[in-house]
Amino acid sequence: MNEHYRPTPGTPMEELDTPCLVIDMDDLDHNMDVISKTYEGRTAKLRGHAKNHKTPAIAHRQIRRGGTVGGVCAAKVSEAEVMVHGGIPSVFITSEIVEPMKIDRLCSLAGQAEMLVACDQAANARDISKAATAPGVEVGLVIELETGLRRCGVREIEQGVALAKEITSMPGLRFRGVMSHQVIGDMPDREDRVVEANRTIKGLIDLKDAIEGQGIPMDIVSTGETWSYDVAAEIAGVTEIQGGSYLMMETHYSYMTEFRYAGKILTTIISTPRTGIAIGDAGVRAVSSISGMPTVFDRPGVSVESMDSDHAVFKLESGASLKVGDQLLLIPAQQDAMVSRWDRFVGLRKGKVEVVWDILARGCHN
Amino acid sequence: MFANSGFSDILLANQVVTVSKIRRLCALAGQTSIGIAVDSPDNAQQLSSGAVAAGVELRVLVEIDAGMGRCGISPGIEAVALAQKIDGLPGLKLEGIMGSVPGPKGDDDPTQHEAKTSANLQIVLDNKEAMEQAGLSIEVVSVGGTHCYAQAIEMPGVTEVRAGRYPLMDHRLKSFLPELEPAAKILASVISHPIDGIVVLDAGHKSTAPDQGRPVLEGIEGANATRFSAEHGIVELEGEAQNKLKAGEKAWLVPYESGATVNQYDYFRAVKNGKLEGFWPISARGRLA
């Protein structure tokens, strides 16, 4: 862990060393409050995805501010370890865990917190059952249904029902329910999102009904992501929404204007070699371009033309000017790809450092 | 980081412009010999003041734009004037000139790329000559990167090649530099085989950083890594490959851009003949500022 830079609370933004991953704390709190209001009085609650922030301090803040199930999702066992060791009482690993070593680690976590894991194969369920029996722990299994990503998940309802039956017969396992995950393109109109959520999530409700029709009870129907955080919660039967991007936000979801851009990269202009061009000290290692170039925040006439590993080239329209030493804020096209490149967040309120949070699960790929 | 690890000569091949960073740079120059790239007169003045205040001397290379369209002063009169200014400033020692030459993209034609590289390298040499004609002493002519390492040493006048990619190599340069082998790879596991013809790996873009290009699955004919989402990699299988890569099995991915991949990890696992030999911390990972 790189400990060399930890600005003191109270430091003004202008004095931060750059590039720097910053969070506007007012915006972060605002985004958390949108969630707590949205889920007030509803059956469905948010289970925030920790893969987006990788930081127990943020997970706890999110849970405290309300609207959640009181736990988080994680993408990897190592990420779940950081969350459980950081005191989060319930963690749902939304990927299949198949290697023996990882299954043993999952079972160790199940002795410390409530653990749920996605499953799409009976052989995998058997492996987890065996590993859970010896230490006498219980792992919650959630059957993943494929709903358009062409990735993991059972493809057919019958397949899911058969798997649910097998899981209920295995020691060390508790069948908890079903999950799905959907990705959509740009869909600014809420009505379109209602239709899309109903279309993609319908299969999941069908699977739930079919399994329950066999006399097998479940308490979790988990689906969703930021784009469907509100519309999926209106679908009868859904109990949990997996959402994470809303917290820092990204231009990919620019149409969701109820959320604010909380996470940004602060960069400094290091060179102005030609008229109309300025070079910043943040490249793709600081703000991934995997889903598109970042956008310059609140600086009319300045845009990102290209990025290399450690540089960004800014284009200036006539009238806009930048000089060496000026600071800019960049908002990412995809925020979790940005966050996973950093060791800490610098939280600012009204332009001054309020907190520094270690991104304890950064680099947790396993 | 590198100065504190004991290296005695470091070239910071970039511009350092903020007051706090210039102070750190000058503190390092008190411990070890530090070279720095400069592309503007104002920055030269700033560095000079910083070096004088700290009582150190910074070695300076004038960075010129050798085709990157990024940092670097425009070649010609402006570059010579900047070199003259640096030569006259206290605390700075004009040591030479540097330029970065654009590397090839995956589908560039190697012959055309070579011709373009020669022309770009020549820009640096022409400017060196112009500076010398103005009476300046230019000891160092530094060019980069790895893609031109062999071409650059054929050009009289080049004294240093800045190259970092060759030890680990990657898919992006493989077809241009077939004499170098990709040494750094990502080891991934199959976590799901949901339908015939598709398997899902536990390595997505967070563990591979495919911003500049997708990693390539190695060693299994008919198996191609075609999609990466944040946490998952999708491999499509054709022919014989359909019987390979069961859940729990391993696959090797060669990064498209090794530097970007390395930056996602805290350690290298050094493997020799299939066995773990070393475990090296990537000490400067995340040192983005």
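For segment B:122-243, what is the Kirkwood estimate of the hydrodynamic radius, computed as the reciprocal of the mean inverse distance between distinct Cα atoms, to one decimal in Å?
Numbers: mean 1/r = 0.0567 Å⁻¹.
Hydrodynamic radius (Kirkwood, Cα pairs) of segment B:122-243 is 17.6 Å.
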Quiz prompt | Simple spin-label estimate for residue A:257 and residue B:218 in nanometres, 7 Å along Cα-Cβ | solution = 5.1 nm
Quiz item: Summing Lys, Arg as +1 and Asp, Glu as -1, what charge do residues with Cβ under 14 Å from the Cβ of residue B:173 carry, residue B:173 excluded?
Solution: -3
Practice problem: Using only the alpha carbons, work out the radius of gyration and Dmax of segment A:74-116 in angstrom. | Solution: 9.0, 25
Quiz prompt | Positive-end residue, segment B:51-163 charge dipole about Cα centroid, Cβ charges, pick of B:163, B:86, B:99 | solution = B:86
Self-check item: Cα gyration tensor, segment A:98-227 - rounded (a/c under 1.5), prolate or oblate
Solution: prolate
Quiz prompt | Proximal lysines to residue B:128, defined as alpha-carbon separation beneath 23 angstrom and excluding residues fewer than eight positions away on the same chain | solution = B:85, B:93, B:116
Quiz prompt | Cα-only radius of gyration and Dmax that characterise segment A:269-315, units Å | solution = 10.1, 29
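Quick one, what does Rg over Rh come out to for the protein assembly as shown if you take C-alpha atoms and the Kirkwood Rh? All intermediate terms of the calculation are to be shown ahead of the outcome.
On the way: Rg = 26.8 Å, Rh = 26.7 Å.
So for the protein assembly as shown, dividing Rg by the Kirkwood Rh gives 1.01.
Among the listed pairs B:174/B:246; A:264/A:352; A:76/A:102; A:323/B:21, give every one whose C-alpha distance is greater than 21 Å. Don't skip to the answer; put the middle values down first.
Details: B:174/B:246 29 Å; A:264/A:352 15 Å; A:76/A:102 9 Å; A:323/B:21 17 Å.
In this structure, B:174/B:246 lie more than 21 Å apart at Cα.
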Quiz item: Out of A:185, A:203, A:243, any idea which swings most in a Gaussian network model of chain A, alpha carbons joined below 10 Å?
Solution: A:185
Quiz prompt | Sites residue B:252 and residue B:122, calculated FRET efficiency, Cβ-Cβ separation with R0 35 Å, nearest 0.05 | solution = 0.30
Practice problem: As a check on your grasp of the helix formula, calculate [θ] at 222 nm for the protein assembly as shown: sum -39500 (n - 2.57) over DSSP H runs of n ≥ 4, divide by the residue count, round to the nearest 500. | Solution: -8000 deg cm²/dmol
Quiz prompt | Diffusion coefficient, µm² s⁻¹, Stokes-Einstein with Kirkwood Rh over alpha-carbon pairs of segment A:26-165 at 20 °C and 1.002 mPa s | solution = 134 µm²/s
Self-check item: Folded to 0 to 90 degrees: helix A:122-133 orientation relative to chain A principal axis, Cα
Solution: 90 degrees
Quiz prompt | Hydrodynamic radius by Kirkwood, which averages 1/r over all alpha carbon pairs of segment B:1-143, in angstrom | solution = 15.7 Å
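Under a Cβ-only charge scheme (Lys and Arg +1, Asp and Glu -1), can you give me the dipole magnitude of chain A about the Cα centre, in debye to the nearest 20?
Values: 39 positive and 50 negative charges, 93 e Å.
Taking the Cα centre of chain A as origin, the dipole is about 440 debye.
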Practice problem: Using a 1.4 Å probe on the heavy atoms of the protein chains only, list every residue of segment B:272-289 that has 20 Å² or more less accessible area in the complete assembly than in its chain alone. | Solution: B:285, B:286, B:287, B:288, B:289
Practice problem: Obtain the nm distance between the two label points defined at residue A:309 and residue B:107 by a simple spin-label model: each point lies 7 Å from its Cα along the Cα-to-C-beta direction. | Solution: 2.5 nm
Exercise. Identify which of B:174, B:250, B:275 has the largest mean-square fluctuation in a Gaussian network model of chain B, with springs joining Cα atoms closer than 10 Å.
Key: B:275
Practice problem: Largest first and to the nearest Å, give the Cα extent of segment B:136-190 along each principal axis. | Solution: 60, 17, 12
Quiz item: How large is the dipole of segment A:293-366 about the Cα centre if only Lys and Arg carry +1 and Asp and Glu carry -1, each at its Cβ, rounded to the nearest 20 debye?
Solution: 280 debye
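The values are calculated or read from the model by the stated rules, or taken from the named source; none is laboratory data. What you see is a predicted model, and the numbers here were worked out from it, not measured in a lab. Don't worry about glycine lacking a Cβ; one is built from the backbone with ideal geometry, like all the others, and counts go over all protein chains shown. With ligands, DNA and RNA removed, areas are computed over all heavy atoms of the protein, side chains included. Shrake-Rupley method; radii C 1.70, N 1.55, O 1.52, S 1.80 Å.
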